Amino acid sequence: MEATFVRLESLTYFSLTPIPLFGSGYAGLGDMTPIHPAAMANIMGDLWQNGTPQWEKALKYSGVRLHLYGKQDPRPARKMGHLTATAKTAQQAVETVLNARNGLSH
């Protein structure tokens with residue numbers, strides 16, 4: 001299963017597809033119907049300014065996954081990881097991932 005990405009500002013929308021995009025001659029082969037609408041939001045080093053973020057606040061949302069890159073030195077504007085969310089609709093995925101990320105800053 002591969003993902004098709006479209007990046008808009010700091011939020012990425014993507015749909016999971018049932019076939020690999022790489023090694024298949026790229027687009028045009030196979031069924032490219034999305035399986036799950038999804039969205040991704042970056043986690044920047046700014047979140048660490050008051051200590052380690054409380055990840056459980058983001059993970060309480062259904063369909064949200066946390067992806068940290070293992071970087072040891074959080075700095076403002078440094079990408080430290082991202083959150084992804086899957087949902088029944090793209091709009092629900094976007095709202096969920098944004099709510100999850102916003103919950104980390106409180």
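A short reminder: the numbers here are calculations on the coordinates, not readings from a lab. All of these numbers come straight from a predicted model, not from anything done at the bench. Glycine also receives a Cβ, built like all others from the backbone with ideal geometry; neighbour counts cover every protein chain displayed.
Things to note:
- FRET efficiency, Asn42 to Ser62 (Cβ-Cβ, R0 22 Å, nearest 0.05): 0.60
- Peptides 62-69, 91-98 ordered by average Cβ neighbours within 10 Å, highest first: 91-98, 62-69
- Under the convention that each Lys and Arg Cβ holds +1 and each Asp and Glu Cβ holds -1, the size of the dipole of region 57-106 around its Cα centre is about 120 debye.
- Under a 5 Å amide H cut-off, with hydrogens placed 1.01 Å from N, Arg78 pairs with Gly45, Asp46 among residues at least 5 apart or on other chains.
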